[in-house]
Amino acid sequence: MTALIDVRRVFTHMEEIHHEFGPVAPTPLVRGAIAAVLRNPYAGAYHADILPMMDALNPLGVDLAKQLCEAMGVLPEAIQGYGKGAIVGAAGELEHGALWHVPGGYAMRELLGWKGDRAAYLAGKGGVSTGQPGNALSIVPSTKKVGPPGAALDVPMTHINASYVRSHFDAIEVRVPGAPHSDELIVILAMSTGARVHARVEGLAAQDISQWNGLR
Amino acid sequence: MKSQIRKIIVQVDEVLQEGGQAVSPPTRRALAMAVIANPYAGKYSENLDQLIDIGEELGGLLGERCVKALGIQPEDAHSYGKAAIVGEAGELEHAAAILHPKLGAPLRKAVSKGAALVPSAKKQGTLGTAIDVPLGHKDAAFVRSHFDAMEARVNDAPRANEIVVAVVVTDSGRPHPRIGGLQVYEITGTDGLR
């Protein structure tokens with residue numbers, strides 16, 4: 001019997017942005033994404049119960065988060081923005097991509113030093129509301145689609161501790177040439193080390209986060 | 001720094017299975033790209049020395065980034081390739097100036113030896129244009145298991161006055177090569193061909 005989690009390919013992407021036709025950044029913004037191409041065990045037919053795969057994805061998620069941070073050449077403490085996504089091959093359904101919501105978020109929280117209650121989070125009741133309880137308080141923004149090999153997904157990114165930090169609203173385009181096959185899924189994590197390189201549209205700034213509720 | 005670099009991008013593609021068969025060890029290809037300003041954009045210049053010097057700088061920088069991303073020693077590199085995409089205010093010859101005169105020597109240093117020609121591709125393009133970087137074994141161009149290509153693309157480049165320069169280095173050939181031809185163990189590595 002084939003394992004529920006059966007990875008065929010791992011694709012990592014990192015970029016250093018020195019400028020975007022404005023002043024050169026003293027430290028380049030580093031953004032990265034990692035994509036694992038895996039077999040979709042539910043492709044080709046409707047399955048009422050797909051939850052076993054959601055739990056089974058947890059270890060892969062943690063592993064991908066660590067690999068991504070390494071590929072970006074930074075320590076977890078340097079990560080300020082994150083996002084996640086999934087691309088489902090043609091024989092699957094969008095709902096299969098939704099399996100990544102919990103394990104993808106959990107993976108980056110595990111890496112970035114979240115101090116919340118893991119059991120509560122996994123039960124959909126995570127979150128703490130007073131003082132800074134740890135890092136990675138924000139909901140991890142996400143997107144997903146069904147697509148052909150080479151499909152591009154714009155993965156949204158926001159600040160890890162407060163979703164409303166305007167300088168950190170961003171997106172990174174992720175595509176794996178040749179994948180997903182129709183019976184595959186691509187699960188994606190994305191991270192960045194800071195604001196957009198020439199952020200200047202005001203709004204909540206990272207240093208003004210005060211409510212520690214994941215929003216402001 | 002001779003080149004004005006806007007972005008550097010590094011990608012690693014690791015294949016653990018192909019055709020339902022495990023690939024052991026996994027094949028890995030690393031792609032490093034620089035998005036640079038084209039100093040000759042929008043004007044015809046007989047002399048292209050600035051781009052030739054930029055090519056020399058990027059051959060080392062991008063080659064080293066690939067080797068580092070693979071986490072290997074230079075002598076463990078297998079194949080390589082190079083490519084450039086010139087924005088619309090430049091000429092195809094600008095890609096040639098970067099790729100051919102001086103990029104090879106520092107790239108070869110980054111992968112050690114490199115008796116074989118570095119396969120190349122070039123084109124004019126716009127934001128998100130993809131180029132397939134051809135690959136060949138670094139010490140013997142006829143090694144059939146290592147003929148390959150890796151797609152390179154930057155979603156927001158090249159702008160009209162930019163050039164995307166790409167280098168690929170691998171630590172392996174194709175996932176399951178089985179079409180015969182010259183094998184890695186048969187390389188003599190003196191003429192760059194066999």
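Give segment A:83-102 a look and list any residue that's farther than 16 Å from A:His47 by Cβ and free of Cβ contacts under 8 Å to residues at least 60 places away in the same chain, or say none. The answer is A:His101, A:Val102. Starting from residues that are surrounded by 24 or more Cβ atoms within 10 Å (Cβ to Cβ) and under 29 Å from B:Arg174 (Cα atoms), keep the ones in segment B:44-64 and report whichever is nearest to the other protein chains (Cβ to nearest Cβ). Looking at residues that are surrounded by 24 or more Cβ atoms within 10 Å (Cβ to Cβ) and under 29 Å from B:Arg174 (Cα atoms), I get B:Leu62. Once segment A:5-33 is narrowed to residues that are touching a Ser or Thr at 6+ places or on another chain (Cβ under 9 Å) and part of a loop (DSSP other than H, G, I, E, B), the residue that is farthest from the other protein chains (Cβ to nearest Cβ) is A:Thr27.
Residue pairs whose Cβ atoms lie under 8 Å apart, sitting 6 or more positions apart in sequence or on different chains, and linking a residue in segment B:1-28 that is within 22 Å of A:Ala33 (Cβ to Cβ) and more than 7 Å from every other protein chain (Cβ to nearest Cβ) to a partner that is polar (S, T, N, Q) and surrounded by 20 or more Cβ atoms within 10 Å (Cβ to Cβ), are B:Pro26/B:Ser172; B:Thr27/B:Thr170; B:Thr27/B:Ser172; B:Arg28/B:Thr170; B:Arg28/B:Ser172. State whether one or more residues within segment B:34-51 are among the charged types (D, E, K, R) and closer than 27 Å to A:Pro23 by Cβ. Within segment B:34-51, one or more residues are among the charged types (D, E, K, R) and closer than 27 Å to A:Pro23 by Cβ. Condition first: more than 14 Å from chain A (Cβ to nearest Cβ), buried (at least 18 other Cβ atoms within 10 Å of the Cβ) and in a loop (DSSP other than H, G, I, E, B). Now tell me which residues in segment B:143-186 satisfy that. Of everything in segment B:143-186, those that are more than 14 Å from chain A (Cβ to nearest Cβ), buried (at least 18 other Cβ atoms within 10 Å of the Cβ) and in a loop (DSSP other than H, G, I, E, B) turn out to be B:Phe147, B:Asp171, B:Gly173, B:Pro177.
Entry remark, segment A:55-75: residues being more than 14 Å from the chain's Cα centre (by Cα), more than 14 Å from every other protein chain (Cβ to nearest Cβ) and assigned to a helix (DSSP H, G or I) number 3 in total.
When B:Glu14, B:Glu93 are checked against the criterion of being over 25 Å from B:Phe142 (Cα atoms), of a type in the set (D, E, K, R) and modelled with pLDDT of 95 or more, a single residue qualifies: B:Glu93. For A:Gly97, are the conditions met, namely being within 21 Å of the chain's Cα centre (by Cα) and either more than 14 Å from every other protein chain (Cβ to nearest Cβ) or modelled with pLDDT under 95 (or both)? The answer is yes for A:Gly97. For segment A:146-160, residues that are touching a Leu at 6+ places or on another chain (Cβ under 8 Å) and either crowded, with 23+ Cβ neighbours inside 10 Å or touching a residue at least 60 places away in the same chain (Cβ under 8 Å) (or both) total 2. Being under 27 Å from A:Ala25 (Cα atoms) and at pLDDT below 90 is a property that holds for A:Asn135.
The values are calculated or read from the model by the stated rules, or taken from the named source; none is laboratory data. Quantities reported herein were computed from a predicted structural model and do not represent experimental measurements. Using ideal geometry, Cβ is built from the backbone for each residue, glycine included, and neighbour counts are taken over all protein chains shown.
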